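The next block holds one structure in the form of structure tokens; read it before the comments.
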Amino acid sequence: MSLIKSISGIRGTIGGRVGEGLDPVDIVRFTAAYATARKNVNNKKLKIVVGRDARISGQMVDLLVTGTLLGMGCDVVNIGLATTPTTELAVTGEKADGGIILTASHNPKQWNALKLLNEKGEFLNDAEGKEVLKIAEAEDFSFAQVDEIGTLTHKDYLQYHIDNVLNLQLVDRDAIAKSNFTVAVDCVNSVGGIAIPALLRALGVKNIIELNCVANGRFAHNPEPIPQHLTQISDLLREGKADVGFVVDPDVDRLAIVSENGEMFGEEYTLVSVSDYVLQHTKGNTVSNLSSTRALADITRKYGCEYNAAAVGEVNVVKKMKDTNAVIGGEGNGGVIYPASHYGRDALVGIGLFLSLLSHKGIKVSELKKEYPLYHISKNRIDLTADIDVDNLLKQVKEKYKSERVNDIDGVKIDFERGWVHLRKSNTEPIIRVYSEAATEHEAQELAEKIMNDIKTL
């Protein structure tokens, strides 16, 4: 599998010949390019935070990245096994000049990636990301002289992150503790297995059922937290053993929720429910990406506030949130971004806010779900081959449906009267994502199939 390069970092499979994936040569090259780009912004000796998920390749990649940063003259604060949001918070906690997160998020175990952060602990913007890619391509960097090699410090930032959640005004630890919830968690044998049980204990949850919480990187199931991969925790909830189930991806920026009856609460409704709770107490605007449910807009307008859509990608959502002074936002894949904590998707924050909502409501998770506008999203994909011209394909789709409401800021989104379809090239995999939404699952799938069948004829 070839290397996937984007403004937020690089991603690829481990193993093979040079140029076939994310090999040590490219890890060094892109790390050095990142350090050079950061030096161009901050003309001084840099401090960079490095954290990683529990992937099998994580230690190898960590040693290469840390060693390269030291060789570039950067001081490194290595926080070891840490969630993506923990690493983001550590950047500002350390007053560092940037950070590198070693994780391929929801990709299978053979993948790894370097996610690149600025001094705010946020992903690089378009210009910053392109600068890193340009420097890497030209190999336009110089390593430090021997007396200028950086220093290495090891720290643990988990408690700092947990304290950040506990100190949020809307996280009600007392109410959560009094509710005496039994909570099941599935952390897919990555860093969530360290972070999520510790957070729950700090929130006063005494009854915790841990599934796949050994942080060894040997994923017990496909690590993307979508319904077809979550049968183990669903079966447990269906047997009446817990009040709620939480599932996270390997780097813990996405949160999926399972109802007490074993049914999926729905990744989309993680953000909807948390936003409902936030808006009850803090009136303000909301943001999600184009591929997210209409339910967030419905809830936002119920409180007399304004909803805005952004292009897919955390950096785009964060920019739109800042532009519109949003009080809550995120992505429909279970990614909650709460500015009162920080501008990054954070499953720990999501859990703290959701349990606070649930404890205040005093109802079951399945009953809570019924309070929200009901939509169904169908998520499909078209695998890409080298001969497919994606841009031309999307252009033809846009032309075919020009009589409908079409948005092309990120791929092509077609708004029909009873639903929508969004087609876009993935930033992380060689596929076209085909997302659709309608009032019923059947209608949503029908919409997606209609568009995918059209594509076959184009």
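The values are calculated or read from the model by the stated rules, or taken from the named source; none is laboratory data. Since the model is a prediction, treat every value here as computed from it, not as a measurement. Glycine gets a Cβ as well: all are built from the backbone with ideal geometry, and neighbour counts include every protein chain shown.
Put simply, of S275, S234 the only residue that is part of a helix (DSSP H, G or I), more than 30 Å from D323 (Cα to Cα), touching a residue at least 12 places away in the same chain (Cβ under 8 Å) and in contact with a strand residue (DSSP E or B) (Cβ under 8 Å, 6 or more places away or on another chain) is S234.
Among the residues that make up the stretch 303-312, is at least one of them of a type in the set (S, T, Y) and in a helix (DSSP H, G or I)? Taking every residue of the stretch 303-312 in turn, none turns out to be of a type in the set (S, T, Y) and in a helix (DSSP H, G or I). Here D97 fits the description: acidic (D, E) and in contact with a strand residue (DSSP E or B) (Cβ under 7 Å, 6 or more places away or on another chain). Check the stretch 224-231 and report whether any residue there is farther than 20 Å from L102 by Cβ, in contact with a Pro (Cβ under 9 Å, 6 or more places away or on another chain) and not assigned by TED's automatic domain parsing to the domain that holds E94. Yes, the stretch 224-231 contains at least one residue that is farther than 20 Å from L102 by Cβ, in contact with a Pro (Cβ under 9 Å, 6 or more places away or on another chain) and not assigned by TED's automatic domain parsing to the domain that holds E94.
Is it true that A90 is modelled with pLDDT of 95 or more and farther than 30 Å from A340 by Cα?
Details: modelled with pLDDT of 95 or more: yes; farther than 30 Å from A340 by Cα: no.
Against the criterion (modelled with pLDDT of 95 or more and farther than 30 Å from A340 by Cα), A90 does not qualify.
Looking at the stretch 210-220 only, could you name the residues that are at pLDDT 95 or above and of a type outside the set (K, R)?
Keep residues of the stretch 210-220 that are at pLDDT 95 or above, which gives 210-219.
Answer for the stretch 210-220, where residues must be at pLDDT 95 or above and of a type outside the set (K, R): E210, L211, N212, C213, V214, A215, N216, G217, F219.
Quick check on this structure: which one of S378, S403, S436, S359 is surrounded by fewer than 16 Cβ atoms within 10 Å (Cβ to Cβ) and hydroxyl-bearing (S, T, Y)?
Numbers: S378 fails: surrounded by fewer than 16 Cβ atoms within 10 Å (Cβ to Cβ); S436 fails: surrounded by fewer than 16 Cβ atoms within 10 Å (Cβ to Cβ); S359 fails: surrounded by fewer than 16 Cβ atoms within 10 Å (Cβ to Cβ).
Of S378, S403, S436, S359, the one residue that is surrounded by fewer than 16 Cβ atoms within 10 Å (Cβ to Cβ) and hydroxyl-bearing (S, T, Y) is S403.
Of the residues making up the stretch 285-298, those that are outside any strand (DSSP E or B), touching a helix residue (DSSP H, G or I) at 6+ places or on another chain (Cβ under 8 Å) and either closer than 17 Å to M321 by Cα or among the hydroxyl-bearing types (S, T, Y) (or both) are S292, T293, L296. Do you know which of the residues in the stretch 1-59 that are touching a strand residue (DSSP E or B) at 6+ places or on another chain (Cβ under 8 Å), among the polar types (S, T, N, Q) and at pLDDT below 90 is farthest from L133 (Cα to Cα)? Among residues in the stretch 1-59 that are touching a strand residue (DSSP E or B) at 6+ places or on another chain (Cβ under 8 Å), among the polar types (S, T, N, Q) and at pLDDT below 90, the one farthest from L133 (Cα to Cα) is S2. Counting only strands (runs of 3 or more DSSP E) that sit completely within the stretch 129-212, those holding 2 or more residues that are over 27 Å from S57 (Cα atoms) correspond to 182-186, 207-211.
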